[in-house]
Every structure is written in C-alpha cells, then in structure tokens.
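Colleague: Supplied in structure tokens, the structure appears directly below.
The values are calculated or read from the model by the stated rules, or taken from the named source; none is laboratory data. Keep in mind the model is a prediction, meaning the values are calculated, not measured. Heads up, the Cβs are rebuilt from the backbone with ideal geometry, glycines too, and the neighbour counts pull from every protein chain shown. Protein only, heavy atoms only, side chains kept; ligands, DNA and RNA dropped before computing areas. Shrake-Rupley method; radii C 1.70, N 1.55, O 1.52, S 1.80 Å.
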Amino acid sequence: MSQKEVVVSGIRSTGYLHLGNYFGAIHNYIKMQEDYNCYFFVADYHSLTTHPDPKDLKANVFRVVAENIASGLDPEKVALYAQSDIPEIPELYLMLNMLAYKGELERVPTFKDKVRLNPDNVNAGLLTYPVLMAADILIHRGAKVPVGKDQEQHLEMARNFAQRFNSHYGELFPEPQVFRFDENTVKIMSLDGNGKMSKSENVNATIYLSDEDELIRKKIMKATTDSGPQEPNSAMPDYIQNIFQLMQLVSAPDTHATFLDAYNNCSIRYGDMKKQLAEDMVNFVGPIRERAAALQQDEDSIRKILKNGAEKARARAAETIAMARKAIGINYY
Ligand code: TRP
C-alpha cells in the first residue's frame, strides 16, 4: 500500500448525498480505490463550525459512511474513517495554526461568504477552517486531493502551509495538488434547470440517494421541459440536455439513442422520456438506497468499519506527527 500515491479527501457530514455527489465524487473515489493509497474521511470536526445539534451528529456520520459504501466504496481497499477519531489531526492543526496568518484567512472567499450568511457565528474554527483542512491532508503527507472548484482555494492554502512548514523546519510535506481524476466528470444540474443539485436547496429538483421510488418518479416527472424542438437537429436547452445526460448515466445506451433520434427528428415526447428515465433511475438508486438503509441499521458494522479505518489512518498519522515534532524541536526524551 505504501508505494502508491497518497490520495486524501474529506466528505462533509451535513446533508443528504445526491446524484451530483454520486457522479461528481463518489464514482471517482470508487475508481481511485484500485490504484491509490486512499484516505477518505467524514469531516465531522469541520461540521462543528456551524454548531449542529449533538443528537444528529452520529446519525449524519453513519449515514454518510453507509451511503458511500452502498455506492461502492470498499472499506477494505481504502481507509474510511471519522476525522474525530484521529487525534493527530488536531495536533497538526495546532502546529499549522502558528504558520497561518489572520490576514490571509480573512481573505478566503468561503470565509467571507460564511460571515455574510451568518454574521452571528464568526467563530475561530470558521476562520481556521482551511488550516484544519490542510491538517487533514498533510497528516498523511497527501499528494493528491480530489475536490471540486469550490475547494481549490483551500487546497492552495494547504500548499502554502506545507511550504511554510518546510521552510521553517525542514522538508517534510509534499505540496498537495488538485486531483482531476476524470476530466469528463459530469455536473448534474437540478431538475428545474436552476443550478446544480444540492444537499440543502432545490430539494424537489434534486435526487437524493435516500429517495423512495415514488418520490424519484415524482421528481423526474416534474423536471422542466418544453413543447419540444421545432426544427430537426436543434440545439438543446440546458434543462433538456440534463435529462439526456441523466439518461446516459442510468439508462441502457440504446434507450438514450432512441430518444436522441426522436429529439433530432422532432418526434420526441418528453412525457414518455421522463417515464422511462424515472424507471431507470428507480432501478439505479433503489439498490443503493436499500444497501445504505440496511447498513445504517447495522450500527455494529459501521462502528467496526470506522475503527478499522481509524487504525489504518492513525498508523500513517503517527509517523507524520513524530516527524513534525522532531522537525519543530519537540524531542525532549
Ligand atoms: N472542505 C471540504 C468540503 O467542503 C471537505 C474537506 C474537509 C476536505 N477536509 C478535507 C476535502 C480535506 C478534501 C481534503 O467539501
């Protein structure tokens, strides 16, 4: 395992996973797990920045773990763990905090957004969110980090902190790079054509991995369409393109081809297309939902998986901390 490149990624524990998360992230994790030394964790400490209700925390963490495994993530192949099970992460976070400057943290766009949205809760954890994220990655001396566009700035800061540590204390950390595993990774638009599918907004136009069959059908039948193309081979509006894309992802290739032909010769009936897509989506999401639900019922299994993952993660984290302490000069005994 140790010869392979180290990939680290954090999964938010808030909100329900949806098709955008599946095709944008999880799907790639599943391919990466074959060829990389992967550390995937639930970022439960990060979620404390917004003060979640203590009685929801465990259910959120267990659900995210169950949904990722149900989607194909294999805890035998990757280290899958909870951030809070790795005490070496907050230790490195503390060390990195001494190298992170208030000014640069205040300039981070995601911080400024959160201040604007929640002026009553501008806590220090929010300010140092990128430092904790850097610690998550550097604790494994991670080389590659699969993240979306919205996280690239955070990753740049992780590189800066790594570099600063190295120049203060000697070369220890690689500078972690954004990992675009698959350039063709798709963006899943919401079914009403307004932006992307979301963990918290647009819930009626987002398909969650936990949605029941009937709800999936209802959402798809309500997807935005129009009266159809007026001329052969017309350009597709975004919302129609999205329905075709979903069909390409979950339906048989010839089903997709048939509807595409119908679109191009103007005989398409969107009602029929959505009915077909709804059935194919139910067949795609249903088994994931069922596996995730069964696993969530089996808390002992989830606990075992997390313990196991934490053991693997801590083995590497302990090495890093020992090296970091020594580099800093904390070697008294
Ligand atoms: N900030 C990331 C997000 O909001 C989650 C995250 C936390 C993360 N720590 C990480 C991602 C480390 C990659 C690596 O999605």
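Colleague: Would you please put 83-91, 293-301 in order of how densely packed they are, using the mean number of other Cβ atoms within 10 angstrom per residue and starting with the highest?
Modeller: 83-91, 293-301
Colleague: So, one more: Over the alpha-carbon set of the range 211-292, divide Rg by the Kirkwood Rh and report the Rg/Rh ratio to two decimals.
Modeller: Values: Rg = 13.1 Å, Rh = 13.1 Å.
Taking Rg over the Kirkwood Rh, I get 1.00.
Colleague: Measuring from label point to label point, each 7 Å out along Cα→Cβ, what is the Cys266 to Asp35 span in nm?
Modeller: For Cys266 paired with Asp35, the spin-label model returns 4.6 nm.
Colleague: Here is a follow-up. Kyte-Doolittle cut-off -1.0, length cut-off 24 Å along the helix's own axis using Cα: show which whole DSSP H helices in the chain pass.
Modeller: Helices meeting the span and hydropathy rule in the chain are 54-70, 270-297, 299-328.
Colleague: Return the carbon/sulfur percentage of the accessible area of the range 211-292, one whole number, probe 1.4 Å, all protein chains in place.
Modeller: Reported share for carbon and sulfur atoms: 48 percent.
Colleague: Give the aspartates and glutamates whose C-alpha is closer than 12 Å to that of Lys77, dropping any in the same chain fewer than 8 places away, or say none.
Modeller: Partners found: Glu34, Asp35.
Colleague: Using a 1.4 Å probe and counting only protein heavy atoms, arrange Arg314, Arg269, Arg289 so the residue with the most accessible area comes first.
Modeller: So, going from the largest accessible area down, we get Arg269, Arg314, Arg289.
Colleague: Compute the length gained on full extension between Asp74 and Thr50: take 0.36 nm times their separation in residues and subtract their Cα-Cα distance, giving the result in nm to one decimal.
Modeller: On the way: separation 24, 0.36 × 24 = 8.64 nm, distance 2.98 nm.
Here the segment from Asp74 to Thr50 would lengthen by 5.7 nm.
Colleague: I've got another one for you. In nm, give the distance between the simple-model label positions of Ala59 and Asp226, each being 7 Å from the Cα along the Cα-to-Cβ direction.
Modeller: Each label point lies 7 Å from its Cα, and together they span 4.3 nm.
Colleague: Still on this structure, I have one more. Ignoring ligands, DNA and RNA, please state the percent of accessible area on the range 130-198 from carbon and sulfur, probe 1.4 Å. Walk me through the intermediate numbers first.
Modeller: Working: 1320 of 2970 Å².
Roughly 44 percent of what the probe reaches on the range 130-198 is carbon or sulfur.
Colleague: Which percent of the Cα-Cα distances in the chain go past 24 Å?
Modeller: 59
Colleague: What lysines does Lys218 reach when the alpha-carbon gap must be under 18 Å and sequence neighbours fewer than 8 apart in one chain are set aside?
Modeller: Qualifying lysines at Cα under 18 Å: Lys274, Lys275.
Colleague: In nm, to one decimal, how far is the modelled label at Arg325 from the one at Ser198, with both set 7 Å along Cα→Cβ?
Modeller: 4.5
Colleague: Now a separate question. Students often get this wrong, so check it: of Lys102/Lys312; Lys187/Lys222; Lys144/Lys304; Lys199/Lys219, which have C-alpha atoms separated by over 23 Å?
Modeller: Beyond 23 Å: Lys102/Lys312; Lys144/Lys304.
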